[in-house]
Amino acid sequence: MDSFSPARTTHSWRLNVSCDPLVLTEEARPEPKGREVLMKVSHCGVCHSDIHIREGKYNIGGGRSLNLADRGLKLPLTLGHEILGTVEAVGPDVTTVKPGDRRLLHTWIGCGNCPLCKSGDENLCAQPQFLGVQARGGFAEHVLVRDEEFLVDVEGLDPALAATYACSGVTVFSAVNKIRPHREGEKIAVFGIGGLGQTALQLLKALGMGPVIAVDPSPEKRKIAESIGVAATLDPNAPDAAKQLAAFGRGHDEPRHQRPAQGRPTRHRRPVRRRAALSAALHPDARHLHPRLLCRLAEGAEGVRRPRPQGEAAGD
């Protein structure tokens, strides 16, 4: 391998072979041109997609798997698509950021030339260059961003939390946007109260949408949902779960939280607005992101807290 002077090298932790450990690799440090921006990485989340990419496949159920090579993923690759850092250098045509600025990266970048990209929907590009998926990602000291427009100001936010907005946060925001505009009192069901589900509950609360019922088989996660503030919780394995969900949608009863021991509901103190409609935020879909959603999420993020892992005390 060629040697580089210390001032012009950088390092990444690269996946060379599926299922192998990441390899620390010395590389030439890019010099930004035009509207390019060189970022010094300070935070990069580990998404479950990174685990799938390392394994080289997605388990799609029924004993079947989707080979990621068939989707155009090629090794070696530097993973990581939840990236936050500081601007280290800029190209001569950059006008909106300067060295030292802290920014979150919108990593869902397309080819930049097709009609979708030119309309702003780069995440829908048929020849994507998503950082950490098709292009070099954030498990690295530096990342080169093609254009300053993919940098989002998150000043004032916890950088470790803000980094997740690039993927999980924007995925949830995209799902919530599908049920907007929201009519006052229209009810919403969130299925699955893991990391994405907890973020969805926080976002719905911050946007004033609901009442919300949180559906999850885990008593611990239903307790977390109660601590966030929902109208009701539901165990989907309860014998009358479908009837309870339908009753919540019709507004026949006040919202109810289930007791884990007996599996029976208890009445919640606050009355619910009664309305026939029930909106369900099911399986947030990152394919329908829009780059501008990330900016809007960051702007309204003050009311959104970090999702709490299962088992962590409600007051932590």
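The values are calculated or read from the model by the stated rules, or taken from the named source; none is laboratory data. Note that this is a predicted model, so its numbers are computed, not measured. Please note: Cβ atoms are built from the backbone with ideal geometry, for glycine as well, and neighbour counts cover all protein chains shown.
Tabulated results
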{"quantity": "Matching strands (runs of 3 or more DSSP E) fully within region 172-242 where at least 3 residues are within 20 Å of the chain's Cα centre (by Cα)", "calculated": "187-191"}
{"quantity": "Condition check for Cys117: modelled with pLDDT under 95 and part of a loop (DSSP other than H, G, I, E, B)", "calculated": "no"}
{"quantity": "Filter result (surrounded by fewer than 23 Cβ atoms within 10 Å (Cβ to Cβ) and hydrophobic (A, V, I, L, M, F, W, C)) within region 91-132", "calculated": "Val94, Val97, Cys111, Cys114, Leu116, Cys117, Leu124, Cys125, Ala126, Phe130"}
{"quantity": "Residue in region 21-31 that is β-branched (Val, Ile, Thr), in contact with a Leu (Cβ under 7 Å, 6 or more places away or on another chain) and modelled with pLDDT of 95 or more present", "calculated": "no"}
{"quantity": "Residue count, region 16-35 (criterion: surrounded by 15 or more Cβ atoms within 10 Å (Cβ to Cβ) and free of Cβ contacts under 8 Å to residues at least 12 places away in the same chain)", "calculated": "0"}
{"quantity": "When residues of region 58-86 are limited to those that are of a type outside the set (Val, Ile, Thr), in a strand (DSSP E or B) and without any contact (Cβ under 8 Å) to a residue 12 or more places away in the chain, the one surrounded by the fewest Cβ atoms within 10 Å (Cβ to Cβ)", "calculated": "Gly61"}
{"quantity": "Every pair of residues 6+ apart whose Cβ atoms lie under 8 Å, when the first sits in region 120-138 and is at negative phi and among the basic types (Lys, Arg) while the second is crowded, with 18+ Cβ neighbours inside 10 Å and not in a helix (DSSP H, G or I)", "calculated": "Arg136/Ser12; Arg136/Leu77; Arg136/Thr78; Arg136/Val143; Arg136/Leu144"}
{"quantity": "First in region 176-187 and more than 13 Å from Gly251 (Cβ to Cβ), second anywhere and crowded, with 16+ Cβ neighbours inside 10 Å, Cβ under 6 Å, 6 or more apart", "calculated": "Val176/Leu203; Ile179/Ser279; His182/Met209"}
{"quantity": "Enumeration of residues in region 130-140 that are in contact with an Asp or Glu (Cβ under 9 Å, 6 or more places away or on another chain) and of a type outside the set (Gly, Ala, Ser)", "calculated": "Arg136, Phe139"}
